[in-house]
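The values are calculated or read from the model by the stated rules, or taken from the named source; none is laboratory data. As the structure is a prediction and not an experimental result, all values here were calculated from the model. Please note: Cβ atoms are built from the backbone with ideal geometry, for glycine as well, and neighbour counts cover all protein chains shown. Remember, those area values only see protein heavy atoms, side chains included, never the ligands or the DNA or RNA. Shrake-Rupley method; radii C 1.70, N 1.55, O 1.52, S 1.80 Å.
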Amino acid sequence: MIYEEVTIKDICKIKSGKRLPKGANFAKETTDFPYIRARDIKAGTINGSNLVYLTEEAHKKIKQYIVNAGDIVITIVGASVGDVGYVKKEFDGFNLTENAVRLTDFDERINSQYLFYILNSRKYWELMQQIAGGSAQPKLGIYKVESIPLKLPPINVQKRIVNILSTYDDLIENNQKQIKLLEEAAQRLYKEWFIDFHFPGYEDVAIIDGVPEGWKKIYLKDIIDYEIGGGWGEEKPIEKCDNPAYVIRGTDLLGLTHGNLLGIPYRYHEEKNLKARTLIDGDIIFEVSGGSKNEGVARTALIRRSFLNIFHAPIICASFCKLIRTKRKELIQYLYDTFQYMRRSGKTAEYDKRSASSIVNYRWKDFLSQEEILIPGSELLNGYNKIAETMYYTIIIRSKQIETAKNARNRLLIKLMNGELEV
């Protein structure tokens with residue numbers, strides 16, 4: 001098979017996103033103007049479940065910086081640099097962050113979906129990491145993206161490869177839809193039982209001072225048995241820092257339950273630091289630093305054994321996160337779901353402390369000592385756990401299936417590209 005050697009700039013146009021105008025804010029509710037951030041581009045997809053929205057005024061100022069169906073978006077700044085997403089029809093016309101570029105206006109030599117598969121492969125992710133540079137804030141300028149080299153098979157071969165690989169995409173998309181439905185069901189269950197107080201048997205329970213009889217209000221600090229900040233370690237083993245472990249960052253938390261389990265950094269740590277921070281079944285990770293001008297922190301993840309068994313080394317959370325362990329085992333799922341609800345409702349944002357650069361440093365100690373949550377009776381709590389834990393474990397299974405399908409698709413792509421399999 002004859003391959004044509006080209007660069008990105010030879011086969012498409014590259015256009016940047018747009019920084020929001022000074023003083024512009026995201027809308028407080030859903031509008032007609034969704035905005036794709038860099039953190040929404042992950043694991044080969046654009047995650048539409050946590051999008052933010054622009055006000056009409058902000059949209060008018062950047063309305064020309066949109067994506068179209070069939071475009072490819074690539075993050076170009078920060079920890080997520082080199083992540084790639086394919087713009088499906090449901091994202092057509094959405095505004096794009098300045099921290100990403102889009103590839104568009106493809107010529108007749110390239111099938112855009114084939115190009116997406118190539119750029120989303122491990123090989124090209126590593127290449128983009130390399131050309132972005134190893135600084136604390138790596139960046140892929142447009143000129144760097146333009147220079148990325150490609151070897152293209154004939155267009156008819158590209159189309160046949162896309163048809164083969166799209167079967168895996170259908171499986172991935174189905175699992176993503178199921179995860180979304182499960183998350184929504186879990187959110188409704190929590191709200192119905194513990195916010196609206198429509199739990200089983202609620203008709204026979206008196207409400208005293210706004211609290212169901214038998215429930216207790218407890219400060220967060222009195223629920224938590226152990227909490228410690230995470231670590232970062234070293235890129236390569238050095239004296240004392242020679243113990244390998246994976247490090248989950250704030251940007252990785254969503255991916256744990258959405259099919260991006262293997263993009264977590266692998267680093268080296270001091271033995272004593274690793275011992276104090278190694279994650280175990282039932283730990284909760286809580287993000288306490290990061291964010292941006294328009295978004296706070298407080299993202300969370302619940303660690304289960306099925307996560308831990310995927311990796312061949314210990315796992316810790318990064319230094320911008322906290323590891324939390326509850327005093328009672330039956331409070332693990334409930335506390336995690338409480339954190340999830342508090343972030344969705346804006347409650348956690350009350351403890352955001354923004355620096356001059358808009359980085360959020362969470363008032364963690366205040367959060368623990370000032371925030372009370374309701375603890376239901378043991379019978380109701382155990383009943384809730386049976387349902388909520390089943391949902392959460394099913395989400396984990398779906399996430400692992402997405403990861404498996406992606407890996408199988410990428411392995412097949414390599415063989416098809418190299419001519420090892422007949423197309």
- Under a Gaussian network model of the chain whose springs join Cα atoms within less than 10 Å, the largest fluctuation of GLU379, GLU287, GLU98 belongs to GLU379
- Message: For the range 13-81, what does the relative contact order come out to in percent, with C-alpha contacts under 8 Å and a separation of six or more?
- Response: 37 percent
- Query: Sequence-distant or interchain residues sharing an amide H contact under 5 Å with GLU4, placed H: which?
  - Reply: LEU152
- Query: Roughly speaking, what is the centre-to-centre gap between the range 79-95 and the range 390-423 when only Cα atoms are used, to the nearest Å?
  - Reply: 20 Å
- Query: Largest first, how would ARG188, ARG344 line up by accessible area (1.4 Å probe)?
  - Reply: ARG188, ARG344
- Task: Just check the range 1-119 against the gyration tensor rule for me: Cα atoms, a ≥ b ≥ c as the square roots of the eigenvalues, rounded for a/c under 1.5, and otherwise prolate or oblate depending on whether a/b exceeds b/c.
- Result: prolate
- Task: Using Cα positions and a limit of under 18 Å, work out the lysines in reach of LYS216, with same-chain residues fewer than 8 apart set aside.
- Result: LYS191, LYS327, LYS329
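Calculate, for the chain, the solvent-accessible area per residue in square angstrom, rolling a 1.4 angstrom probe over the heavy atoms of the protein chains.
Roughly 49 Å² per residue, with all protein chains present.
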- If one takes the longest principal axis of the Cα atoms in the chain, at what angle in degrees, from 0 to 90 and to the nearest 10, does the Cα axis of helix 155-194 lie? 10 degrees
- Query: What ratio of Cα Rg to 2.2 N^0.38 Å holds for the range 283-367?
  - Reply: 1.17
- Expressed as a rounded percentage, what relative contact order does the range 66-170 have, with Cα pairs under 8 Å and six or more residues apart? 29 percent
- Task: With a 1.4 Å probe and every protein chain kept in, tell me what percent of the accessible surface of the range 320-396 is carbon plus sulfur.
- Result: 50 percent
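Show LYS240, LYS275, LYS221, LYS63 ordered by accessible area, largest first, where the area counts protein heavy atoms only and the probe is 1.4 Å. Don't skip to the end; give the middle numbers.
Values: LYS240 145, LYS275 175, LYS221 100, LYS63 120 Å².
Putting LYS240, LYS275, LYS221, LYS63 in descending order of accessible area: LYS275, LYS240, LYS63, LYS221.
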- Query: Among all cysteines in the chain, which have no other cysteine Cβ under 4.7 Å from their own Cβ?
  - Reply: CYS12, CYS241
- Message: Probe radius 1.4 Å, ligands and nucleic acids ignored: give me the carbon and sulfur share of the accessible area of the range 164-299 as a rounded percent.
- Response: 50 percent
- Note on the structure: Per the C-alpha gyration tensor (a ≥ b ≥ c, the square roots of its eigenvalues), the range 295-423 is rounded if a/c is under 1.5, else prolate if a/b beats b/c, else oblate; here it's oblate
